[in-house]
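Laboratory data are not the source of any read-out in this text; all were calculated from the coordinates shown. None of the values given here were measured: they were computed from a predicted structure. Cβ: placed from backbone, ideal geometry, glycine included. Neighbour counts: every protein chain shown.
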Amino acid sequence: MQKQTVAFSKNSSNLFFHILTKCNLSCSHCYINKEQHGTETLDIETIRSWLSLFSDKAATTNLIYLGGEPTLHPDLYLAVKAAKKIGFKSITIDTNGYLFHDILDKISSDDIDFLSFSLDGATKKTNDAIRGEGSFDKVMEGLRHAYNKKFPCSMIYTVSDKNIHELELMPEFVRDLGIKRFFIQVIGIRGASSKADHPLQVSKKAWLDVIPRVAEAIAGKGIIVTYPKVFLGRDELFECAGNVAQNFFVFPNGRVYQCPICEDFPLHSYEIRENRLITTPKINEKNLFSLRIPEGCVMNKIIQPQTLSYDKNGLPKYRIACCMLKEEIFK
Ligand code: SF4
Ligand code: SF4
């Protein structure tokens, strides 16, 4: 088994492109916040011109189409073809599995690098309690359909206190699904999650007891597993991706963030106006990335301080890593 921390690099970029915020589901942990991200569905001409803003680094940029549910966009297939023509390093579609507008009949398995299916439980009961009635059956049906059409598929499991108990079942569950990658995410305290009446994030102990062990078990089935590091070891270096990497989270109202934790607030670094990428005035997230604090991630301390814990001298018991720092494990 091989395990590595995926280092940040200025030479590699990720473009998370939300082409709409509309969705057919209303998951209890949805991070989309229409007040902050807009309600527009970008038309295909706008998608093409916004893609072109990032085209000079396309060869080293991983593009991820997101929503809302991106397959609700009737021209998603044209957006995929436009990105392919520009030459992005990789193209992924994140989907809830409903695969609207017969998307798989309009693109081929050569057009995209991954179709990533969100599933938040190993049983209907747990998944549907989070993602909505019937969503388990739909995502499994969509996954089978994509696999039969030879699309490269992956799965995303967002861990919270509502479903961590079923992560243990996932190694057996995913064994014969034909997925190539499995992404474990930590639930973000933003959008709908920020309104929950109790903490949804799991404790440090629960995270460290379960996640690395289950990740290794899934990797043992021949699937590459990626999960956020979350807690930094005593000797591990803290780095903020905002300073040392290139991540762009683009929303339909034109906001472009570099840090996903900030997405509930107007702290975005850039804005797209009249098809131009404009730097926003102070104070924005960029001005905060360089702050050094003993707790590690500064945005985590400002926006979700409930994740921190202090000793009797007022010192943090552990440091929180950048949410973009990932561990990768594979056979
Ligand atoms: S989490 Fe995704 S699938 Fe669920 S409501 Fe939000 S956008 Fe839709
Ligand atoms: S999560 Fe924290 S460390 Fe990572 S980009 Fe945001 S502010 Fe920086």
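Details
- One decimal place: the segment residue 315-residue 100 gains 72.4 nm when fully extended, by the rule 0.36 nm per residue minus the C-alpha distance.
- Loop-located GluC sites (Glu not before Pro) in region 238-302 (DSSP state other than H, G, I, E, B) with a sparse environment of at most 11 neighbouring Cβ atoms within 10 Å: 274.
- Estimated 222 nm signal from helices in the chain, with DSSP H stretches of n ≥ 4 weighted -39500 (n - 2.57), rounded to 500: -7000 deg cm²/dmol
- Cα-Cα separations in the chain greater than 35 Å, expressed as whole percent: 17
- 10 Å-binned pair-distance histogram of region 158-286 (Cα, whole percent): 11, 30, 31, 22, 6, 0
- Placing unit charges on the Cβ atoms of the charged side chains and taking the dipole of the chain about its Cα centre, the candidate lying farthest along the positive direction among 324, 18, 88 is 324.
- Debye, to nearest 20: dipole size of the chain, +1 on Lys, Arg Cβ, -1 on Asp, Glu Cβ: 720
- For region 55-142, chymotrypsin sites (Phe, Trp or Tyr not before Pro) meeting the loop criterion (DSSP other than H, G, I, E, B) and having at most 16 other Cβ atoms within 10 Å: none.
- Out-of-range pairs (alpha-carbon distance over 29 Å; input 205/301; 286/326; 286/317; 3/84; 124/301): 3/84; 124/301
- Residue 134 sits among other residues whose Cβ lies under 11 Å from its own Cβ, and their net charge, with Lys and Arg +1 and Asp and Glu -1, is -1.
- Under 10 Å, Cβ to Cβ, from residue 24 - net charge with Lys/Arg +1 and Asp/Glu -1: +1
- Local net charge near residue 325, Cβ-Cβ under 12 Å (Lys/Arg +1, Asp/Glu -1): -1
- Helix runs (DSSP H) in the chain reaching 20 Å along axis by Cα, Kyte-Doolittle at least -1.0: 204-219
- Student exercise, region 39-117 dipole from Lys, Arg, Asp, Glu Cβ charges, in Debye to nearest 20: 320
- Using R0 = 22 Å, the C-beta based FRET efficiency linking residue 123 and residue 148 works out to 0.40.
- Loop-located trypsin sites (Lys or Arg not before Pro) in region 203-293 (DSSP state other than H, G, I, E, B) with a sparse environment of at most 10 neighbouring Cβ atoms within 10 Å: 234, 282, 292.
- The slack between residue 244 and residue 172, meaning 0.36 nm per residue of separation minus the straight C-alpha distance, is 22.2 nm.
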